[in-house]
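Comments concern the structure below.
The values are calculated or read from the model by the stated rules, or taken from the named source; none is laboratory data. Source: prediction; values computed, not measured. Quick reminder, even Gly has a Cβ in these numbers, built from the backbone with ideal geometry, and neighbours come from all protein chains shown.
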Amino acid sequence: MTPDRLRTALRDVPDPDWLDAALRRVADEPASIDRFFPAAGRRCGRGPLPDLPGWTADEAARALLLTALPRGHAEYAEALYRHGDAAEKRAVLRALPLLPIGAAGVPLLHDAIRTNDTRLVAAALGPYAGHLDPPSWRQAVLKCVFMDVPLAEVADLDDRADGELAAMLAGLAAERHAAGRRMPADATDLLDQLTAREA
Amino acid sequence: MRIFDPHIHMTSRTTDDYERMAAAGVRAVVEPAFWLGQPRTSPASFADYFDSLIGWEPFRAGQFGVRHHATIALNPKEANDPRCRPVLDLLPRYLDKDGVVAVGEIGYDSMTPEEDAAFAGQLALAVAYDLPALVHTPHRDKVKGVERTLAVVAESGIAPGRVVVDHLNEVTVKLVRDTGCWLGFSIYPDTKMSPPRMVELLRTYGTERMLVNSAADWGRSDPLLTRATGEAMLQAGFTEDDVDQVLWRNPVEFYGQSGRLDLSDLDAPAPTFQGNSILRGGS
């Protein structure tokens, strides 16, 4: 994802002038993002963007506002996450890979993964989760299975899934089997693949 | 029967309540920030509470097909505690949020000077943030409390049509009816109002600007008394359209003044990732 793609996908929002003005203002005056960020859903809509599968208009607009911050002001992302409602938190999580912050956003991933909100857990497992240490990442993937978050939401799943994750999935499958309950199909597929790979 | 409960404290209710409410026709709720029984001692405790009203609770409601909005304020009771008053400084950031459709509950508990200041200050915030206001009226010394409430509202400059004066009854309804403010009634198992008494008030005063809520919380209360009131109205000869006005269109009109009420896709299938663990008892 790039800021240019976000911007192009947002060309048909209800109030494009608002967005343009907000982006200019945030570039000049970073603190102004505090009020633009919560208003983005009201100004740009909340529906899915046809040209950008998996993104909604409010999410993309908020991510774009974050990328408009001048260098050295990325700490606003953390404050906006901490003070955000669920949609704002999700937008920050999705914007993290676009920001010049290295691994500094990892504590936000840990916070999101601790929640019981499937939207936040899923957003924490996007491309930026490459910065998560392996034990945390495996626990988060297992939590997705537990919460019925589709594993298609997890970035780099095939490359990163390992024998340890397979053992954890097998344990969950055994518990589910004993209880007469099913595993989600995508988790069973993953377990089968990993088992075949290890064999 | 479609029902919008304009005042209910879902934080205190269980998932069983959400299921029963959805089955009874409750499709939208507004949860006003209030006190929690146990007094709080710091602004941080309020911040976590407010965050839950715009974060976890709407998510929880969504699992049951119920749309959840909130009102945010420092309540009159805790406005008396100097340790809590800095909460007023936190409010602006919450009043900008999509899910916040009014400033509330504000008003009086014991009518102290501290409550005067918090009430007037938060009415000014409602004007500044272009939001309606939900005004609680005191349980004790109620008539004097309502009179003083209306004087403060008039003085604040907020348009009366953007204010609901809540927890009214047979005695206090007369004071509010001609002010242009909206009238809120809380239907309770024992105290406040009952469905048959509410029907009598609707007969006497009509269905305009009337809001019926359950105000269900952590005390003895019942989230289905909105539905029971609708049924009592039908039995008393009111039409389906009257019931729809009182239990749906009136709250939509009142909170719709915020410009933030989002009732889109209420008939769509349940939100993303249905079957979430909270339906199964949590992770």
Item to check | Output for region A:26-44, where each listed residue is closer than 20 Å to A:ASP4 by Cβ and crowded, with 17+ Cβ neighbours inside 10 Å | outcome: A:VAL26, A:ILE33, A:PHE36, A:ALA40, A:CYS44
Item to check | Residues (closer than 22 Å to A:TYR76 by Cα, under 18 Å from the mean Cα position of the chain (by Cα) and more than 11 Å from every other protein chain (Cβ to nearest Cβ)) located in region A:22-55 | outcome: A:TRP55
Next on the checklist: Would you confirm whether or not region B:240-259 contains a residue that is within 14 Å of chain A (Cβ to nearest Cβ), assigned to a loop (DSSP other than H, G, I, E, B) and at pLDDT below 90?
Outcome noted: no
Next on the checklist: Being modelled with pLDDT under 95, of a type in the set (S, T, N, Q) and farther than 22 Å from B:ALA70 by Cβ: is that true of B:THR191 here?
Outcome noted: yes
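Taking the options B:PRO113, B:PRO76, name whichever one is without any contact (Cβ under 8 Å) to a residue 12 or more places away in the chain and away from chain A (no Cβ under 14 Å). Give the derivation first.
Working: B:PRO76 fails: without any contact (Cβ under 8 Å) to a residue 12 or more places away in the chain.
That would be B:PRO113, the only listed residue that is without any contact (Cβ under 8 Å) to a residue 12 or more places away in the chain and away from chain A (no Cβ under 14 Å).
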Checklist outcome for this item: Taking region B:123-167 and keeping only residues that are surrounded by fewer than 18 Cβ atoms within 10 Å (Cβ to Cβ), in contact with a Gly (Cβ under 9 Å, 6 or more places away or on another chain) and not in a helix (DSSP H, G or I), one is left with B:ASP130, B:HIS139, B:ALA159
Checklist entry - Residues in region A:148-172 that are out of contact with any Gly (no Cβ under 9 Å at 6 or more places or on another chain), surrounded by 19 or more Cβ atoms within 10 Å (Cβ to Cβ) and in a loop (DSSP other than H, G, I, E, B): how many? => result 2
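So that you can scan it fast, the table gives a plain yes or no per residue for (1) within 14 Å of chain B (Cβ to nearest Cβ); (2) in contact (Cβ under 8 Å) with a residue 24 or more places away in the chain:
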residue: A:PRO97; (1), (2): no, yes
residue: A:ILE101; (1), (2): no, yes
residue: A:THR115; (1), (2): yes, no
residue: A:LEU120; (1), (2): yes, yes
residue: A:ALA123; (1), (2): yes, yes
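Only one of B:GLY25, B:GLY107, B:GLY55 is on the phi > 0 side of the Ramachandran plot and surrounded by fewer than 24 Cβ atoms within 10 Å (Cβ to Cβ); which?
Numbers: B:GLY107 fails: surrounded by fewer than 24 Cβ atoms within 10 Å (Cβ to Cβ); B:GLY55 fails: on the phi > 0 side of the Ramachandran plot.
Selected residue: B:GLY25, the only one of B:GLY25, B:GLY107, B:GLY55 that is on the phi > 0 side of the Ramachandran plot and surrounded by fewer than 24 Cβ atoms within 10 Å (Cβ to Cβ).
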Next on the checklist: Can you say whether A:VAL145 is in a helix (DSSP H, G or I), among the aliphatic types (A, V, I, L, M) and within 21 Å of A:PRO3 (Cβ to Cβ), as far as the supplied structure shows?
Outcome noted: no
Item to check | Selection count, region A:72-91, where residues are more than 13 Å from every other protein chain (Cβ to nearest Cβ), part of a helix (DSSP H, G or I) and buried (at least 18 other Cβ atoms within 10 Å of the Cβ) | outcome: 2
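Restricting to region A:51-71, and then to whatever is acidic (Asp, Glu) and part of a helix (DSSP H, G or I), can you tell me which residue is farthest from A:ARG119 (Cα to Cα)?
Of region A:51-71, the ones acidic (Asp, Glu) are A:51, A:58-59.
Next, only the ones that are part of a helix (DSSP H, G or I) stay: A:58-59.
Details: A:ASP58: 14, A:GLU59: 12 Å.
Within region A:51-71, the match that is farthest from A:ARG119 (Cα to Cα) is A:ASP58.
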Item to check | Sole residue being of a type outside the set (Gly, Ala, Ser) and under 30 Å from B:SER45 (Cβ atoms), chosen from A:LEU19, A:LEU66, A:LEU99 | outcome: A:LEU66
Next on the checklist: Any residue that is over 13 Å from the mean Cα position of the chain (by Cα), within 14 Å of chain B (Cβ to nearest Cβ) and modelled with pLDDT of 95 or more - is there at least one of those in region A:125-134?
Outcome noted: no
